[in-house]
Amino acid sequence: MASLSEFFSHLYTMTIIFVSFLVVEIVILFQSVIGSTLKSDNPIISTTQYLKHIEEKNPTISFSEKLTRQQDSAECAVCLAKYSEGESVRKLNCKHTFHKDCLDKWLQKCLATCPLCRAKVLPDEIVARYERMQNQKGFDHGSEEEIPFSLSALYGNGLQRIS
Ligand SMILES: [Zn+2]
Ligand SMILES: [Zn+2]
């Protein structure tokens, strides 16, 4: 009888140890799964990668007179300048054409919509990733670059006043 209760208490201890190991394993597994989903869900893209996506979807073409005949406007709606032969332009899916540089600057500020008709230039997912990068950059600037800069400006002024 004594050995039986001993056996059960032993079994009980073993079960406790086993269960606690199992819980630790599950927690570790859970964390790694959550970590990886967050990582794959959250990859931010740099401006270079963003511009590469734009280039992939809307390749740069060289402007020619032939292109003018196919479209209604011979000028860039961003800078209002007329295109000259051989200039780098981008034609969007909505059939609107802009200078490559004008459009790229616009797309970086106005999150991937055509300056004229607001048609989407890139998939939402890529835009969201780029937006996240911009937000993060904003935070970094605020905490690491702008504040020390303004402080140094403050100290600089103070020192100038002292001397
Ligand atoms: Zn332009
Ligand atoms: Zn358009």
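The values are calculated or read from the model by the stated rules, or taken from the named source; none is laboratory data. Note that the structure is a prediction, hence the values are computed from the model and not measured. Note that we place each Cβ from the backbone using ideal geometry, even for glycine, and neighbour counts take in every protein chain shown. These accessible areas exclude ligands, DNA and RNA; they are computed on the full protein's heavy atoms, side chains included. Shrake-Rupley method; radii C 1.70, N 1.55, O 1.52, S 1.80 Å.
Of the residues Lys120, Lys66, Lys57, Lys137, which single one is closer than 22 Å to Pro43 by Cα, modelled with pLDDT under 90 and of a type in the set (D, E, K, R)? Show your work before the answer.
Values: Lys120 fails: modelled with pLDDT under 90; Lys66 fails: closer than 22 Å to Pro43 by Cα; Lys57 fails: modelled with pLDDT under 90.
Answer to the check: Lys137.
Show the residue pairs that are 6+ apart or on different chains and have beta-carbon atoms under 7 Å apart, the first residue being within region 99-128 and touching a residue at least 60 places away in the same chain (Cβ under 8 Å) and open to solvent by less than 60 Å² (accessible area, probe 1.4 Å), the second being within 15 Å of ligand 2 (Cβ to nearest atom) and among the β-branched types (Val, Ile, Thr).
Close Cβ pairs (under 7 Å, with a partner that is within 15 Å of ligand 2 (Cβ to nearest atom) and among the β-branched types (Val, Ile, Thr)) amount to Val121/Ile54; Val121/Thr113; Leu122/Ile54.
Looking at this structure, is Cys114 closer than 15 Å to Ile54 by Cβ, modelled with pLDDT of 90 or more and within 16 Å of ligand 2 (Cβ to nearest atom)? First the steps, then the outcome.
Details: closer than 15 Å to Ile54 by Cβ: yes; modelled with pLDDT of 90 or more: yes; within 16 Å of ligand 2 (Cβ to nearest atom): yes.
It is true that Cys114 is closer than 15 Å to Ile54 by Cβ, modelled with pLDDT of 90 or more and within 16 Å of ligand 2 (Cβ to nearest atom).
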